[in-house]
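J.: The following block contains the structure, expressed as structure tokens.
The values are calculated or read from the model by the stated rules, or taken from the named source; none is laboratory data. Please read all numbers here as calculations on a predicted model, not as lab measurements. Note: ideal-geometry Cβ built from the backbone for every residue, glycine included; neighbour counts use all protein chains shown.
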Amino acid sequence: MNMIELIKKSRSVRRFDASVPVTRDTLIGLIDAARFAPTGANKQPLRFLPVSEKAACDKLFPMLHWAMALPEWKGPEPNERPAAYIVILADTEIVPEQRVAMDVGIAAQTIALTAASIDLGCCMLGAFKKEDLTQCLQLPDTLIPELVLAIGKKGENIRLVDARKGNDLRYYRDEMDNHCVPKRTLDELVYDHRFI
Ligand SMILES: Cc1cc2nc3c(=O)[nH]c(=O)nc-3n(C[C@H](O)[C@H](O)[C@H](O)COP(=O)(O)O)c2cc1C
């Protein structure tokens, strides 16, 4: 699979096959990929918390907010839940929290692409109960949870569709229950401009 195919394959998966476990070793492999990602000034301020045990996954799940654009959907059913997670933490002793967002994004996409390359689905979740998670993990004040990555075997069909200019960009489910993700066309993205 070439790079563009892998990028297209790497979608936000929200319905998984919960019967397929994801081992801690697999999560460690994904974290190892993020280890080599670029970070501002090479400070490497992120820490990655692997969660693969069922009991821990069950504690984390209620802290997550799924699919804001699908308010009628209550989130993944028990048999659709992710088998594992990676929580990305910012070590604010290394970099102030307001400066880690780009590093978090790059690390998250590195993990998502690596997961797709081994046939695992991933969803980045920025909407979660931060205080509950901090408390539940008994994190020190200096470690801030930034993003949760849900990981597991993909259990839904996802279609990329071209979004016409001015059209709604909200994802939706079609009549076949495919999850559809509108993406702006190349014409709209390429901003040609002359330098003076
Ligand atoms: C920084 C970030 C935070 C996100 N947070 C959530 C979230 O809390 N819940 C959720 O269901 N999806 C979340 N998503 C997934 C986006 O909704 C998704 O990327 C978007 O719908 C486009 O779909 P695609 O990733 O398949 O291209 C997040 C994505 C990013 C990049």
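J.: Is there a residue in the stretch 62-75 that is in contact with a helix residue (DSSP H, G or I) (Cβ under 7 Å, 6 or more places away or on another chain) and crowded, with 17+ Cβ neighbours inside 10 Å?
T.: yes
J.: Go through the stretch 1-22 and give me each residue that's away from the ligand (no atom under 16 Å from the Cβ) and touching a residue at least 40 places away in the same chain (Cβ under 8 Å).
T.: M1, D17, A18, S19, V20, P21, V22, listed by residue number.
J.: Which of the residues that make up the stretch 143-169 are assigned to a loop (DSSP other than H, G, I, E, B) and either in contact with a Pro (Cβ under 9 Å, 6 or more places away or on another chain) or closer than 19 Å to K9 by Cα (or both)?
T.: Result: G155, E156, N157, R164, N167, D168, L169.
J.: Out of the stretch 76-91, which residues are farther than 17 Å from S12 by Cα and loosely packed, with under 15 Cβ neighbours inside 10 Å?
T.: P78, N79
J.: Now, a different point. Take L64 and tell me if it is within 14 Å of the chain's Cα centre (by Cα) and within 27 Å of M1 (Cβ to Cβ).
T.: Here the answer is no, as L64 does not meet what is asked.
J.: Follow-up question, since we're still on this one. Scan the stretch 80-105 for residues that are part of a helix (DSSP H, G or I) and either touching a Ser or Thr at 6+ places or on another chain (Cβ under 7 Å) or not assigned by TED's automatic domain parsing to the domain that holds K54 (or both) and report the count.
T.: Summing the residues that are part of a helix (DSSP H, G or I) and either touching a Ser or Thr at 6+ places or on another chain (Cβ under 7 Å) or not assigned by TED's automatic domain parsing to the domain that holds K54 (or both) in the stretch 80-105 gives 1.
J.: Turning to a different aspect of this structure: Considering only the stretch 170-196, state which residues are of a type in the set (A, V, I, L, M) and either assigned by TED's automatic domain parsing to the domain that holds A69 or away from the ligand (no atom under 16 Å from the Cβ) (or both).
T.: Answer for the stretch 170-196, where residues must be of a type in the set (A, V, I, L, M) and either assigned by TED's automatic domain parsing to the domain that holds A69 or away from the ligand (no atom under 16 Å from the Cβ) (or both): M176, V190, I196.
J.: Which numbered condition in (1) part of a loop (DSSP other than H, G, I, E, B); (2) surrounded by fewer than 19 Cβ atoms within 10 Å (Cβ to Cβ) is the only one that Q109 fails?
T.: Going through the list (1) part of a loop (DSSP other than H, G, I, E, B); (2) surrounded by fewer than 19 Cβ atoms within 10 Å (Cβ to Cβ), Q109 breaks only (1).
J.: Right, here's the next one. Considering only the stretch 107-126, state which residues are within 14 Å of the ligand (Cβ to nearest atom) and more than 11 Å from the chain's Cα centre (by Cα).
T.: Within the stretch 107-126, just A116 meets the criteria.
J.: On the basis of being within 16 Å of the ligand (Cβ to nearest atom) and at positive phi, does G155 make the cut?
T.: Spelling it out, it is not the case that G155 is within 16 Å of the ligand (Cβ to nearest atom) and at positive phi.
J.: Take the residues in the stretch 1-55 that are polar (S, T, N, Q) and exposed (fewer than 15 other Cβ atoms within 10 Å of the Cβ); name whichever of them is nearest to V95 (Cα to Cα).
T.: N42
J.: Of all the residues that make up the stretch 170-196, how many are within 25 Å of the chain's Cα centre (by Cα) and assigned to a loop (DSSP other than H, G, I, E, B)?
T.: Qualifying residue count for the region: 7.
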